[in-house]
Amino acid sequence: MHKVLERQLERMLATGHSVPVEWREFLTAISDTYTHNDEDRILSERSLDLSSKEMVRINQKIQEEEENLRRERDRARTILASMNEGLIVVDQNRQVLSINPAAQQLLGMSSQNSVGQRAEELCSILANGRRLSADKRPIDQTLKYGRPIILTIQDDIGIETRSGKKFPLAVSTAPLKTSQKIIGAVVAFRDISQEKVAAGIVERQVIERTEEAKQRRAQLQASIKNLDIGFIMADQNLSVIMINEASVNILGSQMTDRPKNVNHKIAVGMKIADIEKVVKDNLKLFAECRRVLINQRKAVFRNIPVGNLYLNFYISPVIVGKKSIGVAILVEDTTEARLLERSKDEFFSIASHELRTPLSAIRGNTAIIKKFYGQISRSEIMEMLDDIHSSSIRLIEMVSDFLDLSRLQQGKIKFNFKPMAVGLVVTEVVKELESTAQANKLYLKFSSAIDRLPAVLADRDRVKQILINLVGNALKFTDRGGVTITGRTEGKFVSISVADTGRGISHESQRLLFKKFQQAGESLLTRDTSRGTGLGLYISKLLTMGMGGNVSLIKTEPGQGSTFAFSLPLVKLALKTPNLTGKKITS
Amino acid sequence: MAKILIIEDDPVISRMYQRVLKLSSHVAEIAEDGEVGLEMVRAVTYDLIVLDIMMPKVNGLDVLKQLKAHQETALVPVVILTNSVSDKVIKAAMAMGAARYLLKSDHDPMEVVEIVEDVLRSKKS
């Protein structure tokens with residue numbers, strides 16, 4: 001009820017004035033009505049109030065949202081504008097709704113020309129160079145099936161613009177959907193010409209690298225093939241998967257039951273257990289390989305006697321990641337090295353013995369002369385002086401050999417190269433050694449052809465030294481018959497041969513022939529009276545090589561004799577070779 | 001005055017020892033290798049044998065072995081006179097019963113004679 005009326009009514013009621021019943025009812029009714037209306041009005045006012053507040057709030061919210069949306073739109077616009085990728089939005093009928101600047105640039109179309117057009121009117125899509133029909137184009141597929149489509153450099157997609165420009169394309173399309181309906185699509189695309197070029201480069205590099213890798217592998221295989229050392233690779237079942245020639249040679253040569261023409265009785269596919277049969281009891285090859293495989297640690301077995309040889313076995317695991325996938329075995333023939341080691345020891349033994357002998361003779365004879373001077377006849381004294389003299393010469397020769405060797409090895413020998421006739425030196429040497437030959441009832445002759453040989457460029461003294469070595473050896477090792485010296489021209493060299501009818505050289509001895517510590521093979525103590533250090537041939541070899549030639553064993557037959565030959569360059573050739581004079585010798 | 005066999009392949013050396021033994025009133029004969037030496041030993045009785053090690057055909061140690069293997073020769077004292085210094089060889093020779101092992105270059109020939117006479121004396125006693 002209205003407040004004024006209410007107050008009135010209260011006053012009236014309060015004063016107790018008698019209010020007629022009808023008035024009271026009427027007032028009550030009015031009051032009620034007013035009260036109701038008031039309430040309603042208050043409600044309305046209140047709800048109006050609320051509504052206005054609500055409206056303001058909603059309005060504010062709407063404004064905020066608009067602001068956000070505007071910001072989003074602006075951001076999207078910026079992104080679209082600055083995107084390198086072309087972006088086109090189409091509706092479900094393939095009509096272009098919007099096209100960003102990048103797309104415009106790529107297609108050579110402005111926004112006005114594009115918006116509203118059908119997508120297929122903007123450009124053609126090429127697959128493998130051929131135009132795709134409308135329904136095969138990515139946009140269509142996406143609109144039809146609502147699935148995104150991504151095509152990359154691999155798919156060989158291209159585009160042809162209205163102006164005829166063509167370029168390769170990477171494109172992805174995505175559908176725009178409401179809850180159920182497809183309402184359009186977004187197409188993002190870019191020009192991948194650069195990427196294609198880069199991919200081409202990468203592909204070429206891959207091919208090149210693969211080639212390189214293939215070459216390296218071939219080289220590795222070749223070097224493994226050509227290794228002196230035997231190389232065997234076996235898988236985890238210890239089956240041979242790779243084996244080089246050296247292994248076949250080393251191990252094959254020791255197979256006693258090997259038929260002559262079958263080289264690959266040891267071969268790929270063989271089991272290690274089979275190879276073990278060659279090695280026999282001296283090394284449990286199979287068991288050791290297994291152990292290496294399991295423990296993943298390498299093992300070395302040295303100086304295993306296998307037939308006539310001494311071999312070292314080096315077994316290594318082949319580990320990939322953490323697993324053993326096989327073993328690699330190196331087989332090293334150390335027989336010669338052992339021989340050489342032994343002969344080194346023997347050399348020093350022989351050398352010390354050889355030096356001591358003439359020293360004993362000199363010391364002893366001089367001591368005797370001093371003590372017994374009055375008691376010895378003149379002839380005896382002369383004999384002793386002879387012995388002293390020859391011993392000292394022997395000693396000097398030996399020491400010269402050692403010094404020569406030392407200097408040769410250090411490259412300090414200087415050759416006095418001059419054109420010379422070999423024939424003259426041969427004559428000299430024969431004269432000097434004639435008496436030795438005669439003393440042993442041997443002949444020593446040379447062919448007359450030697451005098452007619454063309455001149456060589458060499459150091460005369462060294463040539464003489466080499467000849468004395470070869471002829472001296474020949475005489476030493478010959479019991480019956482004699483020594484013949486011949487010569488001939490061989491290409492650009494003169495070759496001199498020294499042939500004897502002596503004992504010949506055993507196979508084993510041949511191996512060490514021109515090596516430093518020669519006199520090995522037979523028992524040390526039974527060496528023959530060669531009165532030498534065994535250095536002669538080695539020195540001769542270094543000398544001939546230093547003069548541009550070589551020395552070698554031509555042939556030998558045990559019991560029949562041997563022929564050695566050395567060569568020297570003809571004057572004509574030698575003068576053409578710039579580095580010949582003063583050549584350093586490396587052993 | 002002993003009868004001595006020198007088994008030595010180097011004539012310069014063997015002559016020298018023969019000479020010095022002669023000058024010391026002994027008789028010395030020379031065998032130029034092991035084979036000849038063994039022959040001579042079988043034919044003649046020597047008071048002492050001077051034996052070289054490094055020789056052709058049969059080396060000194062083998063000769064020593066053979067000497068000691070036969071009754072008739074086993075008791076003849078053997079003095080090894082060599083320029084071989086190998087410990088192995090020395091041990092082997094002494095183990096086989098050589099009386100002495102001498103390095104040629106270590107001694108004047110007269111010293112060798114003294115040692116030979118020493119061995120002869122100890123054999124007698």
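The values are calculated or read from the model by the stated rules, or taken from the named source; none is laboratory data. Here the structure is a predicted model, which means the values were calculated and not measured. Please note: Cβ atoms are built from the backbone with ideal geometry, for glycine as well, and neighbour counts cover all protein chains shown. For the accessible areas, the whole protein counts, side chains as well, though only heavy atoms, and no ligand, DNA or RNA atoms are used. Shrake-Rupley method; radii C 1.70, N 1.55, O 1.52, S 1.80 Å.
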Quiz item: Scanning the range A:236-249 for residues that are outside any loop (DSSP other than H, G, I, E, B) and modelled with pLDDT of 80 or more, which turns out surrounded by the fewest Cβ atoms within 10 Å (Cβ to Cβ)?
Solution: A:Ile241
Practice problem: Confirm whether B:Ile115 is part of a helix (DSSP H, G or I), without any contact (Cβ under 8 Å) to a residue 24 or more places away in the chain and more than 8 Å from every other protein chain (Cβ to nearest Cβ). | Solution: no
Exercise. Answer yes if at least one residue in the range A:304-325 is under 30 Å from B:Leu81 (Cβ atoms), free of Cβ contacts under 8 Å to residues at least 60 places away in the same chain and of a type outside the set (Val, Ile, Thr), and no otherwise.
Key: no
Quiz item: In the range A:363-380, is there at least one residue being within 30 Å of A:Tyr538 (Cβ to Cβ), in a helix (DSSP H, G or I) and more than 30 Å from the chain's Cα centre (by Cα)?
Solution: yes
Practice problem: Identify, by number, the condition in (1) open to solvent by 50 Å² or more (accessible area, probe 1.4 Å); (2) in contact (Cβ under 8 Å) with a residue 24 or more places away in the chain; (3) assigned to a helix (DSSP H, G or I) that A:Arg394 doesn't meet. | Solution: (1)
Practice problem: Output the residues belonging to the range A:214-234 that are open to solvent by less than 50 Å² (accessible area, probe 1.4 Å) and over 17 Å from A:Ile250 (Cβ atoms). | Solution: A:Ala222
Practice problem: Please specify each residue of the range A:364-373 satisfying the condition of being more than 7 Å from chain B (Cβ to nearest Cβ) and open to solvent by 80 Å² or more (accessible area, probe 1.4 Å). | Solution: A:Lys370, A:Tyr373
Quiz item: Within the range A:172-196, can you find the residues that are within 14 Å of A:Gly86 (Cα to Cα) and under 43 Å from the mean Cα position of the chain (by Cα)?
Solution: A:Arg190, A:Asp191, A:Ile192
Self-check item: Matching residues, the range A:314-336, being open to solvent by 40 Å² or more (accessible area, probe 1.4 Å) and not in a strand (DSSP E or B)
Solution: A:Gly321, A:Lys322, A:Glu336
Self-check item: Residues being closer than 17 Å to A:Ile229 by Cα, open to solvent by 50 Å² or more (accessible area, probe 1.4 Å) and aromatic (Phe, Trp, Tyr) - total across the range A:271-313
Solution: 1
Quiz prompt | Qualifying position, being within 60 Å of the chain's Cα centre (by Cα), under 28 Å from A:Asp228 (Cβ atoms) and modelled with pLDDT of 90 or more, among A:Leu330, A:Leu408, A:Leu359, A:Leu339 | solution = A:Leu330
Practice problem: Filter the range A:171-191 down to residues that are of a type in the set (Val, Ile, Thr), closer than 16 Å to A:Val96 by Cα and buried (at least 20 other Cβ atoms within 10 Å of the Cβ), then give me how many there are. | Solution: 2
Practice problem: Return yes or no: is A:Arg356 in contact with a strand residue (DSSP E or B) (Cβ under 9 Å, 6 or more places away or on another chain) and either at the interface with chain B (Cβ under 10 Å from one of its Cβ atoms) or within 20 Å of A:Gly536 (Cβ to Cβ) (or both)? | Solution: yes
Quiz item: Among the residues of the range A:359-377, is there at least one that is of a type in the set (A, V, I, L, M), without any contact (Cβ under 8 Å) to a residue 40 or more places away in the chain and in contact with a strand residue (DSSP E or B) (Cβ under 9 Å, 6 or more places away or on another chain)?
Solution: no
